[in-house]
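S.K.: Quick one: structure below, then a few questions.
The values are calculated or read from the model by the stated rules, or taken from the named source; none is laboratory data. If you're wondering where the values come from, they're calculated on a predicted model, not measured in any experiment. No Cβ is skipped: glycine too gets one built from the backbone with ideal geometry, and neighbour counts run over all protein chains shown. Heads up: the accessible areas ignore ligands, DNA and RNA and are worked out on the full protein's heavy atoms, side chains in. Shrake-Rupley method; radii C 1.70, N 1.55, O 1.52, S 1.80 Å.
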Amino acid sequence: MNNQIPKKMLGMKLPGGAKVEASEYDVPSAGPGQVLLKMKAASLCGSDLKYIYHEHTDKTGGARYDDVIAGHEPSGQVVAVGEGVADFKEGDRVVVYHIQGCGYCDECRKGFFINCQQPERRAYGWQRDGALGEYMVADASTCIHLPDFLTYEDGAMIACGFGTAYQGLLRANVSGKDIVLVMGLGPVGQAAVMLSKALGAKVIGIDISQERLEMAKKVGADEIIQGGEDAVEEVMKLTGGKGVEVAVDCSGSSVGRHQCLEAARMWGNVVFLGEQGTVTFEPSPLLLHKNLTLHGSWVTSVGNMEKLVELLDRKKIHPSDIITHRFALKDTDKAFEIFATGKTGKVCINHEME
């Protein structure tokens, strides 16, 4: 397989100002503890869109280097193996956890590389070359085997989007005894719908977009509600006036977060997943007197991501069901343009498209 590796490759940078720059790069080599991946799929994330494509700021994910190839949702095939790698071989299909931490801090030892605070922390597509190139070097410790049932597109969507949703549901101990409200039905919200159903829950989805409501219904939501001032009242009607056991906010909006607190039943769990924004609420009536547990959750761990892969395989769930647009790597600029409309499901770069 090494004989098939070229010397040069196409890669994409996001310099800010809603621009995508295509350039030619040397194909990298796998160092000790690393593998070289031929990229097969790379999905686009809202953080790429907001904080790199548009603003080019470092409000989340740490400071970003200007000279890295973008993309932090990779899936690909191993084409070369570095010294000391025992668990992967050429030809293996893998999904990649999108951050490598220092390896020695408390959070890294738990597998939560996302929470590493050390200067060695590097996220693919932020501080090191990422998925929007034809090849990518990955640390073997961030790679997970991709089962045959799951496609490369499925794999690209696991670490960041589905992993984030899964971790939030784990925080609230979602099971078949629960009604789960998912507020905000973008890609992470759609993932929360699919995974809540896989865990046995009944699911109510809320969004202001009719397209996203229809997608949620298609991927498993039992009930959908048009977002607005009457949304909580509608939830109460569906739950006999008691509210939901679990409310997950994926909107990041003050209204959505507040409505989750309103819609949660006594002794319920509320999980805030949506990034940025603010919320103001009265703790006594909405939190204290209802005995609610409010969780913040950010991405997942390598170990939990591995369990998620097993769950998706066992339940025969394709995360790619929420992809609405696919583009070849050379058309990454068009992919970001359509993603920026806010009217899509997940947008994916399929490296096998011409």
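S.K.: Quick one: if you stick a label point 7 Å off each Cα along the C-beta vector at E352 and Y104, how many nm between them?
M.R.: 4.2
S.K.: Treating each Cα of the chain as an identical point scatterer and ignoring solvent, apply the Debye formula and state log10 I(q)/I(0) at q = 0.08 Å⁻¹.
M.R.: -0.38
S.K.: Now for a separate question. On each of the three principal axes of the Cα atoms of the stretch 221-326, give max minus min coordinate, whole Å, ordered largest first.
M.R.: Principal-axis extents of the Cα atoms in the stretch 221-326, largest first: 41, 27, 26 Å.
S.K.: Give the Kirkwood hydrodynamic radius (Å, one decimal) of the stretch 19-171, defined as one over the mean of 1/r across all pairs of different Cα atoms.
M.R.: 15.7
S.K.: By how many nm would the segment from E310 to K242 grow when fully extended, if each residue of separation counts as 0.36 nm and the alpha-carbon distance is taken off?
M.R.: 21.1 nm
S.K.: What whole-number distance in Å separates the alpha-carbon centres of the stretch 129-199 and the stretch 281-318?
M.R.: Result: 12 Å between the Cα centres.
S.K.: How many percent of all Cα-Cα pairs in the stretch 164-296 sit more than 25 Å apart?
M.R.: 11
S.K.: Can you return the aspartates and glutamates within cross-link range of K7? Criterion is Cα-Cα under 17 Å, with same-chain partners fewer than 8 residues away left out.
M.R.: Hits, sequence-local ones excluded: E24, D26, D129, E134.
S.K.: Right, another one. Considering only C-alpha atoms, what is the centroid distance from the stretch 3-34 to the stretch 204-247, in Å?
M.R.: So the separation of the two Cα centres works out to 42 Å.
S.K.: Also, quick follow-up: Taking 0.36 nm per residue of separation and subtracting the Cα-Cα distance, what length does fully extending K217 through E282 add?
M.R.: 20.1 nm is the gain from fully extending K217 to E282.
S.K.: Same structure, new question: Quick check: net charge around H351, other residues with Cβ under 11 Å of its Cβ, Lys/Arg +1 and Asp/Glu -1?
M.R.: Surrounding charge for H351 is 0.
S.K.: Give me the distance in nm between label points sitting 7 Å out from Cα along the Cα-to-Cβ direction at M266 and A22, one decimal.
M.R.: Here the answer is 6.2 nm between the modelled labels.
S.K.: Among the lysines, select those whose C-alpha is under 20 Å from the C-alpha of K197, and discard any that sit fewer than 8 residues away in the same chain.
M.R.: Once the sequence-local lysines are set aside, what remains near K197 is K177, K217, K218, K307, K315, K316, K346.
S.K.: Still on this structure, please answer the following. Can you tell me how much longer the chain between I208 and K8 gets when fully stretched, taken as 0.36 nm per residue apart minus their C-alpha distance, in nm with one decimal?
M.R.: 67.5 nm
S.K.: I need the fraction of alpha carbon pairs in the stretch 136-219 separated by more than 22 Å, rounded to a whole percent.
M.R.: Cα-Cα pairs of the stretch 136-219 separated by over 22 Å account for 32 percent.
S.K.: Also: Once the other residues with Cβ under 14 Å from the Cβ of N304 are scored (Lys, Arg +1; Asp, Glu -1), what is the net sum?
M.R.: Charge balance near N304 sits at 0.
S.K.: Roll a 1.4 angstrom probe over the protein heavy atoms and tell me the percent of accessible area of the chain that is carbon or sulfur.
M.R.: Carbon and sulfur together cover 49 percent of it.
S.K.: Further question on the same structure: Treating only the Cα positions of the stretch 268-344 as identical point scatterers, give the base-10 log of I(q)/I(0) from the Debye formula at each q in 0.22, 0.23, 0.26 Å⁻¹.
M.R.: Each listed q corresponds, in turn, to -1.07, -1.08, -1.13.
S.K.: Tilt of helix 187-198 relative to the longest C-alpha principal axis of the chain, in degrees (0 to 90, nearest 10)?
M.R.: 70
S.K.: Rg/Rh for the stretch 94-196 to two decimals, with Rh computed the Kirkwood way over all alpha-carbon pairs.
M.R.: Rg/Rh: 1.00.
S.K.: What nm distance separates the two modelled labels at I338 and S29, each placed 7 Å from Cα along Cα→Cβ?
M.R.: Rounded to a tenth, the inter-label distance reads 3.9 nm.
S.K.: Moving to a separate point now. Between the helical axis of 210-219 and the dominant principal axis of the chain, each derived from Cα atoms, what acute angle in degrees is found, rounded to the nearest 10?
M.R.: 80
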